[in-house]
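Following: one structure in structure tokens, then a few remarks.
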């Protein structure tokens, strides 16, 4: 694990300008909130999952806990929008230059787009945000996150993750014993 991973300059400068106290955490490469939680040995609820959505014609970021799914209907109602959908990867890459696509740091002022935050993640003692790379995260208090994003909309916009159904159990064939084996 490389210890010399640093925040992208625009994020580092933004946090310094705002006077935001944070802690850097370098970890193995992870692509999902659950992998990050397991790697960092924290509950998935503390991981800030950042989703980029298109609300009508505008891009927006949504922050929810790693243990939640976005409730699109609630977001649509909150935003008073006709349509809400996930942004395409190409648009994400063009908008968040210099940042790994799945490691977007949710500071609306840097990116110039609206930010919605689920109220539930702000109840965590510490939030863990992506730091612009798959190998590093930022730990900060919810109050610091609010200070960094004074314009964000806070509401309950998440729902419990749907449980994935386990594959049906396949019966193993009975072991052949000497009595059940065919004789030749």
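Determine the shape class of the stretch 1-94: with a ≥ b ≥ c the square roots of the Cα gyration tensor eigenvalues, call it rounded for a/c under 1.5, and otherwise prolate if a/b is greater than b/c, oblate otherwise. Prolate, since a/c reaches 1.5 and a/b exceeds b/c.
Fully extending the segment from residue 119 to residue 57 would add 19.8 nm, taking 0.36 nm per residue of separation and subtracting the current Cα-Cα distance.
Protection proxy ranking, highest mean first, for peptides 26-32, 59-65: 59-65, 26-32, where packing is the per-residue count of other beta-carbon atoms within 10 Å, averaged.
Once you have a ≥ b ≥ c as the square roots of the Cα gyration tensor eigenvalues for the stretch 52-165, tell me rounded if a/c is under 1.5, and otherwise prolate or oblate according to whether a/b is larger than b/c. In terms of gyration-tensor shape, rounded. In the elastic network of the chain, a GNM with C-alpha springs shorter than 10 Å, the most mobile of 122, 78, 70 is 78. Between residue 24 and residue 9, the simple label model (points 7 Å from Cα in the Cβ direction) yields a spacing of 1.5 nm.
Between residue 161 and residue 69, the contour length at 0.36 nm per residue exceeds the alpha carbon distance by 32.6 nm. A Gaussian network model of the chain, with springs between Cα atoms under 10 Å, assigns the largest mean-square fluctuation among 157, 91, 20 to 91. So what is the relative contact order for the chain, in percent, with contacts set as C-alpha pairs under 8 Å and at least six apart? Value for the chain: 26 percent. Using a Gaussian network for the chain with springs between C-alpha atoms less than 10 Å apart, which of these wobbles most: 77, 114, 159? Of 77, 114, 159, the most mobile in the Gaussian network model is 77. The modelled label-to-label distance for the pair residue 80/residue 16, using points 7 Å beyond Cα in the direction of Cβ, is 4.0 nm.
No value in this document is a laboratory result; all are computed from the given coordinates. Predicted model, so just to flag it, every value in this text is computed and none were measured. Every residue, glycine among them, receives a Cβ derived from its backbone with ideal geometry; neighbour counts consider all protein chains shown.
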